[in-house]
1. Scan the stretch A:97-115 and report the pairs whose first residue is open to solvent by 50 Å² or more (accessible area, probe 1.4 Å) and whose second residue is at pLDDT below 95 and polar (S, T, N, Q), with Cβ atoms within less than 8 Å and a gap of 6+ or a chain change.
2. Does A:Glu127 fit the bill of being more than 12 Å from DNA strand C (Cβ to nearest atom) and within 12 Å of chain B (Cβ to nearest Cβ)?
3. Residues in the stretch B:144-151: is at least one more than 16 Å from DNA strand C (Cβ to nearest atom), open to solvent by 50 Å² or more (accessible area, probe 1.4 Å) and among the β-branched types (Val, Ile, Thr)?
4. Looking only at the stretch B:143-158, count how many residues are under 19 Å from A:His16 (Cβ atoms) and small (Gly, Ala, Ser).
5. Does B:Arg139 count as more than 28 Å from A:Leu130 (Cβ to Cβ) and more than 7 Å from every other protein chain (Cβ to nearest Cβ)?
Number of protein chains: 2
Amino acid sequence: MPQSARASTSSRDKLHLDSFVPYRLSVLSNIVSMSIAHTYEREFGLSIPEWRVIAVLARYPNLSAIEVAERTAMDKVAVSRAVQSLLAARRLVRTYDKGDRRRSMLRLSAAGRAVYTRIAPLALGYERKLLNALSASDRRALDRLIGRLMERARLLDHLDGKGS
Amino acid sequence: MPQSARASTSSRDKLHLDSFVPYRLSVLSNIVSMSIAHTYEREFGLSIPEWRVIAVLARYPNLSAIEVAERTAMDKVAVSRAVQSLLAARRLVRTYDKGDRRRSMLRLSAAGRAVYTRIAPLALGYERKLLNALSASDRRALDRLIGRLMERARLLDHLDGKGS
DNA sequence: TTGCGATAGTTTCAATTGTAACCATTGAAG
DNA sequence: CTTCAATGGTTACAATTGAAACTATCGCAA
């Protein structure tokens, strides 16, 4: 079998990490996340999960833990831990649903809201500085592209393999 | 003090996780990475760091551990661990530089190359399926946008705060 | 030579995270 | 009324990761 097409690594099978989109996305996302995370860790002792919980509760008060998980793309264990440390820091108030006592109802305390109103501008400021690298139309394009890719990635994920 | 402008969260300070670019990037990147990681974990028992080391050594043989770290955006501890488990699995060969015996020289064994030639097409196949969500010109745009953002993110990172 | 700061890489220990098992409550079925 | 599967959430334990300290070698200087 001379230069078998099956066994040889044809040029289109070559993978350059530098131009491999999943790799590039991962590196970009890590730099960005760590940059922001560093800000609110330093200033408020918040971890990323904690910050996400605060952000979503600022927008949608009285969610249950599971609803928070859905909106933040975290799993319920991560939410549970973030909620516990936020409760301990008195940045959150938890009550339980009358009529379904499994269901918690979470909202920010005054202290929690204060944290939010101080961090949100920092986070948005970082985003703005980041997006300054792009023209207005590029920014719109970016949004659209991320949306499309997210949709497709979820589809692929559910189609094959781990579609639990 | 009726609707104090200072204390209230003005509309441009509001942060919607759903439209916050750093958050969207992070979610997208996680879905994508885990989807691919799942494939090579299942089929070859490779972790993400191990896969990255293999990918870069397939392209550039005889790198030292630190050079691998630079090209994969991993830190040297992660590289050290990945290298150890790849050595144990006999997928890597390590020699030491004559003349500087601190410096290792890493390259794939035959088994390592075999793993590479089987995974690379899977990874590229995934990328292709993902990018099928986009037109050719959108794909070019995506590449350009990621590049610009990466550059800007690194700049911002080094400017302020943690510029170690 | 000896000494010393820098570089390559490893080890150690603590913190974070992920998985699975678990407890409590609910709702519906018998 | 019991029983039992499903749901909300927590706990326990193992695996991963990160930061800092450590070892070994090198290059240069006195």
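The values are calculated or read from the model by the stated rules, or taken from the named source; none is laboratory data. Treat the numbers as computed from the prediction; the structure is a model and nothing was measured. Cβ sites come from the backbone with ideal geometry, for glycine too, and all protein chains shown count toward neighbours. These area figures cover heavy atoms from the full protein model, side chains too; ligands, DNA and RNA do not enter into them. Shrake-Rupley method; radii C 1.70, N 1.55, O 1.52, S 1.80 Å.
1. Here the result reads none, with nothing in the stretch A:97-115 linked to a residue that is at pLDDT below 95 and polar (S, T, N, Q).
2. The answer is yes for A:Glu127.
3. no
4. The number of residues fulfilling the criteria is 1.
5. no
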